[in-house]
Amino acid sequence: MQLCRYDDNKIGVVRDSFVYDVSAVLNELGSSSYPFPTCDILIKELDRLKVQIEALAKQSEPMPLSQVRLQVPVANPGKLIAAPVNYLKHLEEARSDATLHYQNKIEEIQRVGLFLKATSSMVAAAQGVTIRFPDRRNDHEIELVAVIGKTADRVTAERALDYVAGYCIGLDMTVRGPEERSLRKSIDSYSVLGPWLVTSDEIADPSGLELSLSVNGQIRQQTNTRNLVLSVQELIAFASSYYTLYPGDVLFTGTPEGVGPVQAGDVIRAKIDKIGEIEVAVR
Ligand code: MN
């Protein structure tokens, strides 16, 4: 199932270029009050609600995708986790290019671990990226994103995919410089998610997905997720060995080689097999 959020807090199922309104499912989430849950309650209940969502989609009139405004597929992630240098060829380019590493020692992911991006940096593809420091180098990074569906505390890699609700496309936008990754990658609009959540039953194995990114029509990044250093399963095991993952937590799995600068006026297109494509304007 391809589940989207669109327009003014609506939920839809996407099939062939059409959206089917299933917003009535939100009535099943009950009402919460202060202090509100710090996870995404729709994602948390998704397994239970799938049958009802399918039924609602059947009763709903198709609306062309071109007529809706897609929103971030996960409304309330508690955290955005990201994997640095998780493709070997990106590790090599980061080490060999001073405009990427700024004298920071680039360690392997097994040594450097993961980092967090501020949830306030998150935007939908249609909102675009607003460059914050135009005098510095601002790069695109296409990444497969896994969205956590169940609370995961110290899970093994073997069981890790049981904890995934689904997948979407992510851009881990970055201003290059000497600061910590989490600062440079937490600028407003520097975490792009879209176009929708493809539930994990449609992607049994997240390795083996082709992904590519172009800027103004020119291919910059292209690889396959089989080239990840740590697989999605290993990343979930690694992350959950340090902190509990909650429904709606977002995991950026790392970017391949070919990162490069963008500036206002550019248009980024990012595509991943079995998920779809996003178009992102840079301002
Ligand atoms: Mn990244």
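Per-structure values
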| item | result |
| --- | --- |
| Solvent-accessible surface ranking, highest first, for Thr130, Thr244, Thr174 at 1.4 angstrom | Thr130, Thr244, Thr174 |
| Gaussian network model of the chain, springs between alpha carbon atoms under 10 Å - residue of Ala204, Ala157, Ala57 with greatest fluctuation | Ala204 |
| Trypsin sites (Lys or Arg not before Pro) lying in DSSP loop within segment 71-134, provided at most 11 other Cβ fall within 10 Å | Lys105 |
| Within a Gaussian network of the chain (alpha carbon springs, distance under 10 Å), most fluctuating of Asp135, Asp201, Asp40 | Asp135 |
| With all protein chains modelled, accessible area of Arg269 [1.4 Å, Å²] | 90 |
| Over 18 Å between alpha carbons, listed pairs Lys79/Lys185; Lys10/Lys185; Lys79/Lys150; Lys10/Lys79; Lys10/Lys50; Lys44/Lys117 | Lys10/Lys185; Lys10/Lys79; Lys44/Lys117 |
| Within a Gaussian network of the chain (alpha carbon springs, distance under 10 Å), most fluctuating of Asn76, Asn86, Asn216 | Asn216 |
| Pairwise centroid distance, computed over Cα atoms, of segment 204-283 with segment 119-186, Å | 8 |
| Difference of contour (0.36 nm per residue) and Cα-Cα distance, Thr38 to Met63 | 5.8 nm |
| Sequence ranges 22-35, 179-192, ranked by mean other-Cβ count within 10 angstrom, highest first | 179-192, 22-35 |
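The values are calculated or read from the model by the stated rules, or taken from the named source; none is laboratory data. Nothing here was measured: the structure is a model prediction, and the numbers come from that model. For neighbour counting, all protein chains shown are included, and Cβ atoms are generated from backbone atoms with ideal geometry for every residue, glycine included. Accessible surface is based on the protein model in full, side chains and every heavy atom, while ligands, DNA and RNA are left aside. Shrake-Rupley method; radii C 1.70, N 1.55, O 1.52, S 1.80 Å.
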